[in-house]
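Quick notes on the structure that follows.
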Amino acid sequence: MLLAPEITIAVTGLILLLAGLFMSPRSKNLLGYLATCGILIALILTLDSFGINTTMFSGTLSIDALSQFFKLVFLVVVLLVAIAGIKYNENSSHTEEFYALSLFATFGMMIVASANDLIVLFCAFELASLATYALAAFEKQNPRSLEAGMKYFVIGSVSAALMLFGMTFVYGATGTTSIPQIAANSALLAASPIGLVAVVLLIAGFGFKMALVPFHMWAPDTYQGAPSIVSALLAAGSKKMGFVAAFRVFIVALAALQPDWQLAFTLLAVVTMTFGNVVAVSQKSVKRMLAYSSLAQAGYIAMAFAVLSPMALAGGILYTLAHAFMKAGAFIAAGAVVWMVTSERKGQPKLKLPDHLDSFKGLGYRMPLTAFSLMIFVFSLAGIPPTGGFMAKFVLFSSTIEAGLPWLALIAILNSALSLYYYARLVKYMYVLPPEGGKVREPLPYAIALVLAVAGVLAIGLWHEPFVQWALEAAKVLV
């Protein structure tokens with residue numbers, strides 16, 4: 001029963017894949033509702049298992065507050081994607097593949113969250129990655145989607161090789177792949193030059209999945225070219241898989257090498273948040289702007305590695321949940337606009353990309369719910385109260401100051417102020433500029449996903465005590 005959430009997700013994916021073989025394209029919409037039910041069951045089972053702290057399969061899997069918190073993050077994201085996917089896959093002949101790949105990717109992410117052994121972690125990492133490579137290139141008739149999948153695949157393959165190479169050095173020095181045993185023998189790594197090489201390789205491997213500069217090259221093109229709801233899964237879910245894996249490997253297993261990787265993560269956090277925000281200012285594509293914004297958010301979360309106090313780790317962990325709601329919601333909102341523009345342009349020459357800023361003119365009039373939801377998401381990303389983004393940043397930034405790193409907190413605050421500029425520009429397009437068309441009714445699946453994401457963002461901001469407590473319990477696993 002401890003693995004009931006993972007088993008539920010895997011079985012649901014297999015059932016959908018097989019059921020789709022015997023269904024007509026018109027009746028395949030039912031698969032979206034079945035996927036949503038399976039995810040909800042897994043979500044309930046995960047919430048029910050909070051408070052358990054044990055290991056399984058000779059200590060290779062750990063069921064604890066950290067793993068359960070991140071499983072909650074992954075399930076929330078795939079739930080929003082599955083609901084929005086009901087409209088995205090309407091009358092599609094590949095609906096079962098979409099949901100099966102999404103659920104198998106989520107299954108891999110959940111195993112990564114519990115992985116207590118480097119071999120298990122790597123296999124689960126690759127399971128999730130291979131599924132998301134296919135999802136990024138899911139629109140086979142769209143050259144940008146194929147380009148997104150190819151770039152993601154090529155750079156992901158290189159990063160996986162670097163990660164595995166780093167793991168071999170760790171195994172060579174310590175004689176084990178078990179994370180607790182590596183921690184017990186990490187002095188052997190610290191005493192050998194091989195330890196520094198392992199740290200460099202592992203930072204490069206995990207840095208790709210976390211989209212930290214300079215390992216971010218794939219992210220803007222992939223997030224822009226992939227279907228919008230797939231971008232939501234990548235930015236809000238897959239990226240968090242890199243963070244939970246890095247938390248266990250660096251903070252737990254490689255504690256003896258802390259001075260080396262702590263300095264590296266401090267530099268990466270500063271460079272990533274600054275680069276992401278500066279480049280986002282000049283973007284005219286909203287999905288590309290959200291992609292660079294996602295880099296900046298990764299830089300904020302990476303501050304937890306630089307500070308390492310229990311409250312800072314709790315702030316970083318809480319930020320992953322808040323970011324899951326606001327970034328997934330933002331990409332789903334962008335997907336609703338892309339659907340609207342694509343529907344209106346049928347048979348017309350494509351002068352601009354459907355996610356161009358001009359497509360968002362007067363969105364407050366044309367699609368009121370989508371515009372309002374997107375405004376909440378971008379203000380939360382900027383850290384405006386009373387949203388989840390504000391609360392997560394408050395916990396993270398204040399703990400950074402308390403730890404004696406006010407300069408790092410100042411850089412993060414200045415970056416947040418800079419991000420408000422391009423977020424406010426998007427709000428201006430939606431609510432100030434005149435619309436270029438009449439009202440459009442939001443598809444119900446998109447509307448439900450947006451309402452759920454807004455509820456999550458506001459719940460963390462207004463009723464933050466239980467979320468902060470869950471994040472603190474997860475942080476205790478690391479310190």
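Evaluate the following for residue 435: is it over 21 Å from the mean Cα position of the chain (by Cα) and part of a loop (DSSP other than H, G, I, E, B)? Explain how you work it out, then say what you get.
Values: over 21 Å from the mean Cα position of the chain (by Cα): yes; part of a loop (DSSP other than H, G, I, E, B): yes.
When the stated conditions are applied, residue 435 passes them.
Would you pick out the residues in segment 110-155 that are in contact with a Gly (Cβ under 7 Å, 6 or more places away or on another chain), over 30 Å from residue 45 (Cβ atoms) and either outside any helix (DSSP H, G or I) or of a type outside the set (Lys, Arg) (or both)?
137, 145, 147, 148
Can you tell me which residue within segment 342-367, out of those that are modelled with pLDDT of 85 or more and assigned to a helix (DSSP H, G or I), is farthest from residue 451 (Cα to Cα)?
Among those residues, the one meeting the criterion is 358.
Please state which one of 158, 213 is of a type in the set (A, V, I, L, M, F, W, C) and either closer than 16 Å to residue 121 by Cα or part of a helix (DSSP H, G or I) (or both). Talk me through it step by step, then tell me what you get.
On the way: 213 fails: either closer than 16 Å to residue 121 by Cα or part of a helix (DSSP H, G or I) (or both).
158 is the lone residue from the list that is of a type in the set (A, V, I, L, M, F, W, C) and either closer than 16 Å to residue 121 by Cα or part of a helix (DSSP H, G or I) (or both).
Within segment 227-251, which residues are assigned to a helix (DSSP H, G or I), closer than 25 Å to residue 86 by Cβ and either out of contact with any Lys or Arg (no Cβ under 8 Å at 6 or more places or on another chain) or basic (Lys, Arg) (or both)? Can you show your working first?
Filtering segment 227-251 for residues assigned to a helix (DSSP H, G or I) gives 228-251.
From the residues that got through so far, the ones that are closer than 25 Å to residue 86 by Cβ too are 228-241.
Matches in segment 227-251: 229, 230, 233, 234, 237, 239, 240.
Tell me which residues, restricted to segment 20-35, are over 16 Å from residue 445 (Cα atoms) and surrounded by 18 or more Cβ atoms within 10 Å (Cβ to Cβ).
Within segment 20-35, 20 is the sole residue that qualifies.
Of all residues in segment 216-249 being farther than 18 Å from residue 329 by Cα and without any contact (Cβ under 8 Å) to a residue 60 or more places away in the chain, which is surrounded by the most Cβ atoms within 10 Å (Cβ to Cβ)?
Top of the filtered list is 242.
So is residue 287 part of a helix (DSSP H, G or I) and over 11 Å from the mean Cα position of the chain (by Cα) or not? Full working, then the answer.
Numbers: part of a helix (DSSP H, G or I): yes; over 11 Å from the mean Cα position of the chain (by Cα): yes.
The answer is yes for residue 287.
Tell me which of these residue 173 doesn't satisfy, since it passes every other one: (1) over 18 Å from the mean Cα position of the chain (by Cα); (2) hydrophobic (A, V, I, L, M, F, W, C); (3) modelled with pLDDT of 90 or more.
The failed condition is (3).
Test of understanding: among 390, 394, which residue is in contact with a Pro (Cβ under 9 Å, 6 or more places away or on another chain), in a helix (DSSP H, G or I) and surrounded by fewer than 23 Cβ atoms within 10 Å (Cβ to Cβ)?
On the way: 390 fails: in contact with a Pro (Cβ under 9 Å, 6 or more places away or on another chain).
Every option except 394 fails the conditions.
Residue 365: crowded, with 24+ Cβ neighbours inside 10 Å and either of a type in the set (S, T, N, Q) or in contact with a helix residue (DSSP H, G or I) (Cβ under 9 Å, 6 or more places away or on another chain) (or both), yes or no? Steps first, answer last, please.
Values: crowded, with 24+ Cβ neighbours inside 10 Å: no; either of a type in the set (S, T, N, Q) or in contact with a helix residue (DSSP H, G or I) (Cβ under 9 Å, 6 or more places away or on another chain) (or both): yes.
Here the answer is no, as residue 365 does not meet what is asked.
Determine whether residue 272 is among the hydroxyl-bearing types (Ser, Thr, Tyr), surrounded by fewer than 22 Cβ atoms within 10 Å (Cβ to Cβ), at negative phi and out of contact with any strand residue (DSSP E or B) (no Cβ under 8 Å at 6 or more places or on another chain). Lay out the reasoning, then the answer.
Details: among the hydroxyl-bearing types (Ser, Thr, Tyr): yes; surrounded by fewer than 22 Cβ atoms within 10 Å (Cβ to Cβ): no; at negative phi: yes; out of contact with any strand residue (DSSP E or B) (no Cβ under 8 Å at 6 or more places or on another chain): yes.
For residue 272, the condition - among the hydroxyl-bearing types (Ser, Thr, Tyr), surrounded by fewer than 22 Cβ atoms within 10 Å (Cβ to Cβ), at negative phi and out of contact with any strand residue (DSSP E or B) (no Cβ under 8 Å at 6 or more places or on another chain) - is not met.
Please specify each residue of segment 1-56 satisfying the condition of being among the charged types (D, E, K, R) and either outside any helix (DSSP H, G or I) or at pLDDT below 90 (or both). Can you show your working first?
First pass over segment 1-56, keeping only residues among the charged types (D, E, K, R): 6, 26, 28, 48.
Within segment 1-56, 26, 28, 48 meet the criteria.
Looking at 49, 58, 114, which is the one that is crowded, with 24+ Cβ neighbours inside 10 Å, of a type in the set (S, T, N, Q) and closer than 19 Å to residue 248 by Cβ? It would help to see each step written out before you state the result.
Details: 49 fails: crowded, with 24+ Cβ neighbours inside 10 Å; 58 fails: crowded, with 24+ Cβ neighbours inside 10 Å.
Exactly one of 49, 58, 114 is crowded, with 24+ Cβ neighbours inside 10 Å, of a type in the set (S, T, N, Q) and closer than 19 Å to residue 248 by Cβ, namely 114.
Between 455, 447, which is at pLDDT 90 or above, closer than 21 Å to residue 232 by Cα, exposed (fewer than 15 other Cβ atoms within 10 Å of the Cβ) and not acidic (Asp, Glu)?
On the way: 447 fails: exposed (fewer than 15 other Cβ atoms within 10 Å of the Cβ).
After ruling out the rest, the residue left standing is 455.
Report yes if residue 383 is touching a residue at least 40 places away in the same chain (Cβ under 8 Å) and either among the hydroxyl-bearing types (Ser, Thr, Tyr) or buried (at least 16 other Cβ atoms within 10 Å of the Cβ) (or both), otherwise no. Before the answer, list the steps.
Values: touching a residue at least 40 places away in the same chain (Cβ under 8 Å): no; either among the hydroxyl-bearing types (Ser, Thr, Tyr) or buried (at least 16 other Cβ atoms within 10 Å of the Cβ) (or both): yes.
When the stated conditions are applied, residue 383 does not pass them.
Pick from segment 83-109 the residues that are assigned to a helix (DSSP H, G or I) and in contact with a Pro (Cβ under 6 Å, 6 or more places away or on another chain): which of them is surrounded by the most Cβ atoms within 10 Å (Cβ to Cβ)? Before the answer, list the steps.
Narrowing segment 83-109 to residues assigned to a helix (DSSP H, G or I): 83-88, 95-109.
So of that shortlist, the ones also in contact with a Pro (Cβ under 6 Å, 6 or more places away or on another chain) come out as 83-84, 86-87.
Numbers: 83: 26, 84: 31, 86: 23, 87: 21.
By that ranking, first place goes to 84.
Kindly list, by first and then second residue, each pair from a residue in segment 304-316 that is on the phi > 0 side of the Ramachandran plot and modelled with pLDDT under 90 to a residue that is surrounded by 20 or more Cβ atoms within 10 Å (Cβ to Cβ) and in a helix (DSSP H, G or I), limited to pairs with Cβ atoms under 6 Å and residues at least 6 apart or on different chains.
none
The values are calculated or read from the model by the stated rules, or taken from the named source; none is laboratory data. As the structure is a prediction and not an experimental result, all values here were calculated from the model. Using ideal geometry, Cβ is built from the backbone for each residue, glycine included, and neighbour counts are taken over all protein chains shown.
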